[in-house]
Structures are given as structure tokens and as C-alpha cells.
Amino acid sequence: MGPGTDLDVGAVLRSGRSILRDGDYTASRAPGAPVYEAAVGVLERIGGTVAPNLGSLIAATLLVALVTALLRREGVGRVGLTVAVVVANPWFLVAATSTVDFLWALALWAAAALVLRIRSSLVGGAGAGVLAGLAIGCRSSTAFLVAGLALAELLGSTTPTDTPPKAPRPVVRSGLFAVAAAITALTAYLPPFLAADSSLAFAQNDVPTSSLLVQVGRFLAKDLYFVGPFAAVVLVVALPSMARVLGRWRADWLVRIGAITVVTSQLLFLRFPWKMGHLLPTLVGLALLLGRAVGDRPRLLVGIVVAQLAYCVVSIGLLAPDNPNAATGAELTFDPRWGALVVDTQCRLDDPGAWKDPDPTRLGAVWDCAKPWAR
């Protein structure tokens, strides 16, 4: 089925080939994703375009296992249902079977969180920092999530009950974690820096902003169609429970890291309300909060899971943008249609070789086809 419908799949594969074949670094897009691009180069050499897709599937599986471990460690009762909130989301399933970096970065971030949580020593803090730096090397915006991890560690008023009496103070561990993450990430981004004639030009992006109202409109519309209109209703019902557990953020690490992850991801998306995959960190943070807030109310978790699975197959268009890709407004509508996973699969099968064309228009058409409001 090809590497997927994301706009960058062709550039990522070409970057990986350049790294492996010539030893030259060419960023797939600013500022680059050197760790992920190199991994894609190796995987494609081994197994063609199928192998990088399988790499994403392995990353997705690891992420699920790591979130499961975190939830169990923090005493969440309905771990299976809570993790299913992540797995049932159609954009998670799309990312798990495509040549994209979203889940690679999140899996490494979750691994850093688990190590930071279970290893209270300085070695644990440094090891978690290395994993976090690799996550940033897969996707630069993960730096904000890594900063959230350090903040969650720093703000904690309590430590796990199995922490040794002589364990380093949280401020020391969080500082060491941040330093190790920064050194690893800076090392990873050395090739993009050198490829840009030893300047910071590699870090400049060309994603424009609009007026505040337009930014907020795009942000809210895509938030809605990330979980789908059915699950959005169930989440509204769960909001009071989530609001109540937020009062325990200082004493409860799971609430703290879940809330920080959601807020950080949402603020980033408000600035760059673009790809649906950008909201996957929000999904993970939301699952952590839901596990604590409604773990004793399985019907709500079941409702969210079932609603997202339904959204994979069928959806209802409630918004019709005036100008897709550059919308400044939208009309209310009611338009039953195929769901997000079905549409992405159809568009992917329509032109699985679009990524090979150096003209981005062809892959751009596949990308446009797969949007929630595309016709």
C-alpha cells in the first residue's frame, strides 16, 4: 500500500537513502529528523517501503506496552481499557502503519518517562535523558514533551514508595535528565547543522500563522475530528471527573504528567494546527488522565473506545471549510460519510506510488484526499 498519505513520506525515504548511500544528510523537512531518517534508510534497504511501515508498527506496539507499564505502576485499575483509548483512535492506526515519525518519538518519550519513574538513581536520570534526546532526534517538537517530563519530576511533592532513602533529590535528577537529553539531541542534530553550512538556517520553518480567531477555529475543528464526533460526546461527559483529579496534580505523578502532556501538545497544535498526527501526544496524555479519573467507571472508557472504533469506519461531517488547506471559516453541515481509517486506506490505495514523484503535487493530492472533510 506504499508508505502512506502523509505529505513527508517521499522526502523521508529520500533522506534515508541519501544518508545510507552517500553519507550525506538532506533533511526531509525543517529542521529534520536525523534519528528517524537514518532508521528509515536502514529499514528500506533491508525490506523496501514495507520495512519502515513495520518499524512504525513496532514503535506503536512498544508505546502501548510502555503506557501499560506506566499505568500499572501508578495503580490504575482498568489498564486494558485505558490503553484501548489510544489504540482505537484511527489516526493512531494510520501512524502505526505508515512511514511517519510520530510514534517513534512517542515510544522513546514514554520509555524515558518509565525509566525516570522506576530508576531513582542518577544513572536512571541520565539514561532517561538519552532516550528523551533520541526522541527529539526523531521529532524535534518532542523537546517540549521532554521539558514537560523534567517539569513533572521537578514539581513532585512525593516520590514512589519504593524509592531508596538516599536517592538523589528530584531537582538533581530532573537537571541531569534535562542535560543528558539536551546533549543527546544536540549531537543528533549536528548533521542538519553542518549541512546548513554550520548555521541555524536548518531550524527555520515555513509554516505560516493566521489571525488568532482563524488559528483557534482550525485548532478546535481538528481537535474535534481527531477523536471524532461520537467520542467527543463521551469525553464531554468525562470532563467533570478529569477536572476533579486535576486537584491532585502535585501529589499524583500520573495526573501531573498527563495534564502537562495534554496542555503542551495542545499549545503546540494551536500554533501549528496542521496534521492530525500532531495530536497523538494529546491522545496519550488524555489516556493517562482518563485512567486515573474514570478507571472505576469502565462504561465511560468502553464508550470512548467504541466511539473511536466507529469513527474508523463512519463519520459525520459537521463542518465544511470555505477553503481547505487555507480555511478562514466554515459552514455547519450534517454529512454522513466514511470514517477516517476507511478514507485514509482508500486514498492510499488510489495512488500508492505517489511518493516516488519528485513533483509534490501528486502526493499532495493523496494528502488532500485523506483529510476528514475531503470529498
Condition met for A60 (buried (at least 18 other Cβ atoms within 10 Å of the Cβ) and over 26 Å from C369 (Cα atoms)): no
Qualifying residue in the range 293-300 (condition: within 14 Å of L70 (Cβ to Cβ) and in contact with a Lys or Arg (Cβ under 6 Å, 6 or more places away or on another chain)): yes
Subset of the range 341-371 [more than 12 Å from A11 (Cα to Cα) and outside any helix (DSSP H, G or I)]: D351, P352, G353, A370, K371
Residue satisfying condition, being crowded, with 24+ Cβ neighbours inside 10 Å and within 22 Å of L280 (Cα to Cα), within set A147, A135, A143: A135
Residues satisfying the stated conditions in the range 112-130, i.e. under 20 Å from L254 (Cβ atoms), touching a residue at least 24 places away in the same chain (Cβ under 8 Å) and not basic (K, R): A112, A113, L114, L116, I118, S120, G124, G125, A128
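How many residues are among the basic types (K, R), within 22 Å of the chain's Cα centre (by Cα) and farther than 15 Å from A221 by Cβ if we restrict to the range 320-373?
1
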Matching residues in the range 271-311 - criterion: being part of a helix (DSSP H, G or I), under 12 Å from the mean Cα position of the chain (by Cα) and closer than 17 Å to A96 by Cα: M276, G277, H278, L279, L280, P281, T282, L283, V284
Subset of the range 265-276 that is surrounded by 21 or more Cβ atoms within 10 Å (Cβ to Cβ) and modelled with pLDDT of 95 or more - its residue that is nearest to T209 (Cα to Cα): F269
Condition met for F193 (more than 21 Å from the chain's Cα centre (by Cα), surrounded by 15 or more Cβ atoms within 10 Å (Cβ to Cβ) and either within 30 Å of G329 (Cβ to Cβ) or not aliphatic (A, V, I, L, M) (or both)): yes
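Listed here are the residues, each with its yes/no results for (1) touching a Gly at 6+ places or on another chain (Cβ under 6 Å); (2) modelled with pLDDT of 95 or more; (3) aliphatic (A, V, I, L, M).
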| position | (1), (2), (3) |
| --- | --- |
| G23 | no, no, no |
| V35 | yes, yes, yes |
| A39 | no, yes, yes |
| N53 | no, yes, no |
| L57 | no, yes, yes |
| V64 | no, yes, yes |
| L71 | yes, yes, yes |
| L81 | no, yes, yes |
| V86 | no, yes, yes |
Test: F269 is of a type in the set (F, W, Y), under 26 Å from A105 (Cβ atoms) and in contact (Cβ under 8 Å) with a residue 40 or more places away in the chain: yes
Hits in the range 95-145 - residues which are among the polar types (S, T, N, Q) and modelled with pLDDT under 95: S120, S121
Flag for A330 being in contact (Cβ under 8 Å) with a residue 12 or more places away in the chain and of a type outside the set (D, E, K, R): yes
Among residues of the range 67-85, those that are touching a residue at least 40 places away in the same chain (Cβ under 8 Å) and assigned to a loop (DSSP other than H, G, I, E, B), counted: 4
Test result for V313, modelled with pLDDT of 95 or more and either loosely packed, with under 14 Cβ neighbours inside 10 Å or farther than 25 Å from V233 by Cα (or both): yes
Qualifying positions in the range 324-340 - outside any loop (DSSP other than H, G, I, E, B) and loosely packed, with under 13 Cβ neighbours inside 10 Å: E331, L332, T333, F334, D335, P336
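The values are calculated or read from the model by the stated rules, or taken from the named source; none is laboratory data. Keep in mind the model is a prediction, meaning the values are calculated, not measured. Heads up, the Cβs are rebuilt from the backbone with ideal geometry, glycines too, and the neighbour counts pull from every protein chain shown.
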